[in-house]
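**Student:** Pasting a structure here, questions to come.
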Amino acid sequence: MTTIIGVDFSGAIAERPINTWAAQGRLNDRGALQIDSACRIRRADLYRLLADIAAPAVAAMDFPFGIPAAFSAHLGVNEPLAAMPPVWETIANMTFAEFLTARNDFVRANGELRRAGDARYYPESSSPLHCVNPNMVPMTYRGIKMLHCLHRNYPQRWNVPPLEPIVPLAADVTLLELMPGALLRAIGLNYRGYKNGQDAPQLRNSNLDNLAGKAGIELQMPPDVWQGCLANHDCLDAVIAAVGAAMWAQDSARFRHPNNDAELAAAQLEGWIYAPTLPACPQQPH
């Protein structure tokens, strides 16, 4: 049994209304994902949830785990073999106002640079420094600050791909950067238009109807979660992230990984969006 968490993260300064969504469930030994709940959650409660969940577990979250390498250098992270944790610490020691000022200074000189992996593989993604529709800056800052606190307070608990795992893979909690839109595109579902617009309700319904089959996951969820996904795209994104977490738990080799040393080094510093590249195996009858 693997604990599964899917998170649609909000970096809003004020947590009223509460805009982060978390879907919680379990992947059983025969490969069926049971979503038990999907609800709004405060960031403080998300931190506690991640700190306390039973391992093995996979938590897929939709905020950037890192920033472009040039911006890390702008913040003073200049170690030759720097990886995400030193960047997390640097950002966690800044106020949001300081982070925003540094971002503005950097962007005036360099533009809203994208991370290497995003620019190469995910045209639908935005720079972690993008500031307008969507405003990625608060999400990047507060998500990374949470990662730093988890890493500092529970250093032996986490596997954060593409960093080298610290603990045995059978007993860890994997924190996975996952973009719901990139996962939908990878499995051939509607990754545009399902959030807003005249056709959004129909597209959300279509995505829900086809999500399990396209992902190769047997999916079960209560009627209230299904209805919540139809009514609210953030709820749906949390469930999509949970499905991605379950796919990873079943077979992480289905996902795109850095494919050479240079790409791996960049990803370990900047972060990496994980999305599947291999087709789903047909679901077996039980």
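The values are calculated or read from the model by the stated rules, or taken from the named source; none is laboratory data. Everything numeric in this text was worked out from a predicted model, so none of it was measured. Quick reminder, even Gly has a Cβ in these numbers, built from the backbone with ideal geometry, and neighbours come from all protein chains shown. Side chains are part of the model used for accessible areas, which takes the heavy atoms of the whole protein and leaves out ligands, DNA and RNA. Shrake-Rupley method; radii C 1.70, N 1.55, O 1.52, S 1.80 Å.
**Student:** Kindly indicate whether any position in the range 230-245 is crowded, with 21+ Cβ neighbours inside 10 Å, out of contact with any strand residue (DSSP E or B) (no Cβ under 8 Å at 6 or more places or on another chain) and within 30 Å of T90 (Cα to Cα).
**Tutor:** no
**Student:** Hey, another quick one. Among (1) more than 19 Å from P162 (Cα to Cα); (2) of a type in the set (D, E); (3) open to solvent by less than 30 Å² (accessible area, probe 1.4 Å), which single condition is E98 missing?
**Tutor:** Checking E98 against (1) more than 19 Å from P162 (Cα to Cα); (2) of a type in the set (D, E); (3) open to solvent by less than 30 Å² (accessible area, probe 1.4 Å), the one that fails is (3).
**Student:** Give just the number: which of (1) in contact (Cβ under 8 Å) with a residue 60 or more places away in the chain; (2) part of a strand (DSSP E or B); (3) open to solvent by 20 Å² or more (accessible area, probe 1.4 Å) does R40 not satisfy?
**Tutor:** It fails just one condition, (1).
**Student:** Continuing with this model, one more query. Considering the range 110-167 alone, what residues qualify as being more than 23 Å from H257 (Cα to Cα) and of a type in the set (D, E, K, R)?
**Tutor:** If the condition is that a residue be more than 23 Å from H257 (Cα to Cα) and of a type in the set (D, E, K, R), then E112, R142, K145, R152 are the ones that fit.
**Student:** Here's something else I'd like to know. When residues of the range 191-217 are filtered for being outside any helix (DSSP H, G or I) and touching a Leu at 6+ places or on another chain (Cβ under 7 Å), how many remain?
**Tutor:** Taking the range 191-217 as the starting set, the residues that turn out to be outside any helix (DSSP H, G or I) are 191-199, 216-217.
From the residues that got through so far, the ones that are touching a Leu at 6+ places or on another chain (Cβ under 7 Å) too are 191, 193-194, 217.
Here the count works out to 4.
**Student:** From the residues in the range 274-286 that are part of a loop (DSSP other than H, G, I, E, B) and modelled with pLDDT of 70 or more, which one is most open to solvent (accessible area, probe 1.4 Å)?
**Tutor:** L278
**Student:** Restricting the search to the range 74-95, which residues are loosely packed, with under 13 Cβ neighbours inside 10 Å and either closer than 26 Å to L264 by Cα or touching a residue at least 12 places away in the same chain (Cβ under 8 Å) (or both)?
**Tutor:** G76, N78, E79, P80, L81
**Student:** Further question on the same structure: Looking at Q250, Q227, Q198, can you tell me which residue is open to solvent by 40 Å² or more (accessible area, probe 1.4 Å) and in contact (Cβ under 8 Å) with a residue 24 or more places away in the chain?
**Tutor:** Result: Q250 is the single residue among Q250, Q227, Q198 that is open to solvent by 40 Å² or more (accessible area, probe 1.4 Å) and in contact (Cβ under 8 Å) with a residue 24 or more places away in the chain.
**Student:** For the range 43-69, enumerate the residues that are assigned to a loop (DSSP other than H, G, I, E, B), of a type in the set (A, V, I, L, M) and either open to solvent by less than 30 Å² (accessible area, probe 1.4 Å) or under 21 Å from L163 (Cα atoms) (or both).
**Tutor:** I53, A55, I67
**Student:** Among the residues of the range 266-273, are any touching a Ser or Thr at 6+ places or on another chain (Cβ under 8 Å) and open to solvent by 20 Å² or more (accessible area, probe 1.4 Å)?
**Tutor:** Within the range 266-273 (the criterion being touching a Ser or Thr at 6+ places or on another chain (Cβ under 8 Å) and open to solvent by 20 Å² or more (accessible area, probe 1.4 Å)), the answer is yes, since at least one residue qualifies.
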